[in-house]
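**Student:** Before I ask anything, here is the structure I am working with.
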Amino acid sequence: MKRLLLSALIMAAFSTAQATDQPGFSTERLSATVKTLSSDAFEGRGPATPAETKTIDYVVAQMKAAGLQPGGDLKDGNRGWTQAVPLRRSAIVGTPVLRLALGDQHEKVTQGEQIAIRAPMNGSTEVAIRNAPLVFVGYGVKAPERNWDDFKGVDLHGKIAVVLINDPDFETGHGDFGGKAMTYYGRWTYKFEEAARQGALGLLVIHETAPASYGWATVKNSNINAMFDIVRDKPAAVHPELEGWIQRDLAVQMFSHAGLDFDALKRQAQTRDFKPVTLKDESLSAHFKVDSQVITSHNIVGRVEGSKRPDQTVIYSAHWDHLGVGAPDASGDRIYNGAVDNATGTAALIEMGRAFAQGPRPERTVVFLNVTAEEKGLLGSEYYAANPLYPLATTVGVLNMDALDPHGPARNFTISGSAKLGLLDDLIAEAKKHDISYTADPKPEAGYFFRSDHFSFAKRGVPAVSFGSGNDWIDGGLAAGKAAEDDYTAKRYHQPADQWEADWSFTGMARDLQVLHDVGSDLANSDQWPDWSKDSEFRSIRDASSAERK
């Protein structure tokens, strides 16, 4: 009864917000939108399926009703409601033949067991690698601003690099990479990209559970199925021919055969003086066919054009997609509805658009970007950031909303990761006005910063954060918040049971949207340009375009 009374009071407060200077965020509309998008009729909102068309039609209708204008691709001088996102889908045909040569000894390695090879994303339709030498290059990091280079001039053409996962600081907790908190250099995606830049034929990441933050099962399930990427002009510039992971035990065996001590070399790799080491008389061969094709999905884009500086843009983002129809759960349900992940973010985006469209016109343009294929690897946001509809140099910042809590309000909020930037300072200051405190990401070493759509912008220098609901509930405290989080992770996350529930009050979301609105409104009605901290790996990228913001 106490909880129901509290929720009723909060809902009443938000229903009367229209009478003040603040916009109203309707819990009823939020609930109705989440219920619709996560219903079985939308079949889990899989990209490039009939469900995508239904999702686009629904979201566009809601954006129109909210008063937004189309902000997507230009056609005949007019913007439409979507941005076409061509995606490359690649899948290994059959079982790949993989052989490891350790001197005169040749061993077959099994896909999914000792090794997890990804379908190539460089455009290849066949991989035929014969006796490629193996070279250990530490953590595979080249960071000039830290005076760090794991490659030190080694020629990797025709060779396969072998690297450790995470940063050089992970085990020691201190050093040039900020201690336990993972930087961009620790993420496996960066390591593949850097291998391509170094001219490597391939790269193998050594899996260890603690620095990866997940077990081998996750690696296996994520890497041996069909792979997706945006369609790139030069895919080989960011993807080597062979990308994959190997089990730690296999790596130890490889090092030992070459007369090397795995643990000793790992310690060396944690220092600036490390030099690449060839695994003597060892090589990898791989042969398999690839089914590679291009499909087209879409981002959905609405906007409110700025009155004074329309060429400067504030972006709110969220992803509309989920996992579609897949393997059945114990009850036989095969539809992965994605209510929390991320019908909540999409509902929040529509409601935020309504607040800006029906309020005073902002001085800067505000864009509401509903991206596709987040669940395939942040691909909708990656495509937008690589092919921006509005220049990144004059994009003020990005406020991303992913998997918001549909329950009651919390005393705190968080963001994905532990990045230091002015946009977070703005959020903290605004939240404080609402008696909401900031709680840092409890596991920065897990690299959550790099796992949400804001990262596609961040790595190109645009200040960006992904907002996270708090866990210290006003009704029940940390115990209630943690219990709900644990229950969701165990029973609903990426499972068919992530469905709308009638007892969700959405009062916490409505309150949090007020904070997010006020931060975005301040940015949209000022000449402020938030930036990264001076020691951020993204600061120099942003600084390179500073002349365009004068």
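**Student:** Per 0.36 nm of contour for each residue apart, how much would the distance between Glu501 and Glu171 grow if the chain were fully extended, relative to their Cα-Cα spacing? List each step's numbers first, then the result.
**Tutor:** On the way: separation 330, 0.36 × 330 = 118.80 nm, distance 4.21 nm.
Contour length minus the Cα-Cα distance gives 114.6 nm.
**Student:** Place +1 on the Cβ of every Lys and Arg and -1 on the Cβ of every Asp and Glu in the chain, take the dipole about the Cα centre, and give the residue among Ala386, Tyr139, Ser222 whose Cα lies farthest towards its positive end.
**Tutor:** Value: Ala386.
**Student:** Sorted by accessible area with a 1.4 angstrom probe, largest first, how do Glu305, Glu241 fall?
**Tutor:** Working: Glu305 80, Glu241 45 Å².
Greatest to least solvent exposure: Glu305, Glu241.
**Student:** Further question on the same structure: Label points 7 Å out from Cα along the Cβ direction at Ala327 and Gln22: separation in nm?
**Tutor:** 4.5 nm
**Student:** In addition: Tell me the label-point distance for the pair Asp40, Ala483, using the 7 Å Cα-to-Cβ offset, in nm and rounded to one decimal.
**Tutor:** About 3.1 nm, to one decimal.
**Student:** Still on this structure: Can you give the accessible area of His298, probe radius 1.4 Å, in Å² rounded to 10?
**Tutor:** Only protein atoms counted, so the area is about 50 Å².
**Student:** Leaving out ligands and nucleic acids, and using a 1.4 Å probe, what accessible area per residue does the chain come to in Å²? Write down the numbers at each step before the final one.
**Tutor:** Numbers: 22290 Å² over 550 residues.
I get 41 Å² per residue for the chain.
**Student:** Rounded to the nearest 10 degrees, what's the angle between the helix 248-257 long axis and the longest principal axis of the chain, both from Cα atoms, 0 to 90?
**Tutor:** Between the helix axis and the principal axis of the chain, the angle is about 20 degrees.
**Student:** Which one is right for this structure if Rg/Rh (Cα atoms, Kirkwood Rh) is calculated from it: [x] 1.09; [y] 0.94; [z] 0.98?
**Tutor:** Matching the structure shown: [z].
**Student:** Hey, which lysines would be in cross-link range of Lys289, C-alpha to C-alpha under 28 Å, not counting anything within fewer than 8 residues on its own chain?
**Tutor:** Lys108, Lys159, Lys191, Lys220, Lys234, Lys376
**Student:** Something else: Just the accessible area for Asp426, please: 1.4 Å probe, Å², rounded to the nearest 10?
**Tutor:** Probe radius 1.4 Å; accessible area of Asp426 about 40 Å².
**Student:** Give me a comma-separated list of calculated 3J(HN,Hα) values for region 477-483, in order, Karplus coefficients 6.51, -1.76, 1.60 applied at θ = phi - 60°, integers in Hz, x for any Gly or Pro.
**Tutor:** x, 5, 4, 5, x, 5, 4
**Student:** While we're on this one: To the nearest 10 Å², what's Leu399's accessible area with a 1.4 Å probe?
**Tutor:** 0 Å²
**Student:** Could you rank Arg492, Arg197 by how accessible they are, 1.4 Å probe, largest area first?
**Tutor:** Accessible-area ranking of Arg492, Arg197, largest first: Arg197, Arg492.
**Student:** On full extension of the chain, what length is gained from His157 through Ser545, given 0.36 nm per residue of separation minus the C-alpha to C-alpha distance? Mind dumping the intermediate values first?
**Tutor:** Details: separation 388, 0.36 × 388 = 139.68 nm, distance 3.27 nm.
Full extension from His157 to Ser545 adds 136.4 nm.
**Student:** Right, here's the next one. Report the extension gain between Ser256 and His434 in nm, rounded to one decimal, defined as 0.36 nm multiplied by the number of residues separating them, less their alpha carbon distance. Before the final figure, lay out each step's value.
**Tutor:** Details: separation 178, 0.36 × 178 = 64.08 nm, distance 5.83 nm.
Result: 58.3 nm gained on full extension.
**Student:** Below 27 Å, Cα to Cα, which lysines can Lys550 reach? Residues fewer than 8 away in the same chain don't count.
**Tutor:** Within the straight-line cut-off, Lys550 pairs with Lys308, Lys420, Lys459, Lys534.
**Student:** Quickly work out the Asp281-to-Gln293 label distance, labels modelled 7 Å from Cα along the C-beta direction, and quote it in nm with one decimal.
**Tutor:** According to this spin-label approximation, the distance is 4.7 nm.
**Student:** Once neighbouring chains are kept in place and the probe is 1.4 Å, which whole percent of the accessible area of region 444-550 is contributed by carbon and sulfur? Mind showing how you got there, number by number?
**Tutor:** On the way: 2210 of 4360 Å².
Carbon plus sulfur share of accessible area: 51 percent.
The values are calculated or read from the model by the stated rules, or taken from the named source; none is laboratory data. Not measured: the values here are computed from a predicted model. Neighbour counts run over all protein chains shown; Cβ positions are idealised from the backbone, glycine included. These accessible areas exclude ligands, DNA and RNA; they are computed on the full protein's heavy atoms, side chains included. Shrake-Rupley method; radii C 1.70, N 1.55, O 1.52, S 1.80 Å.
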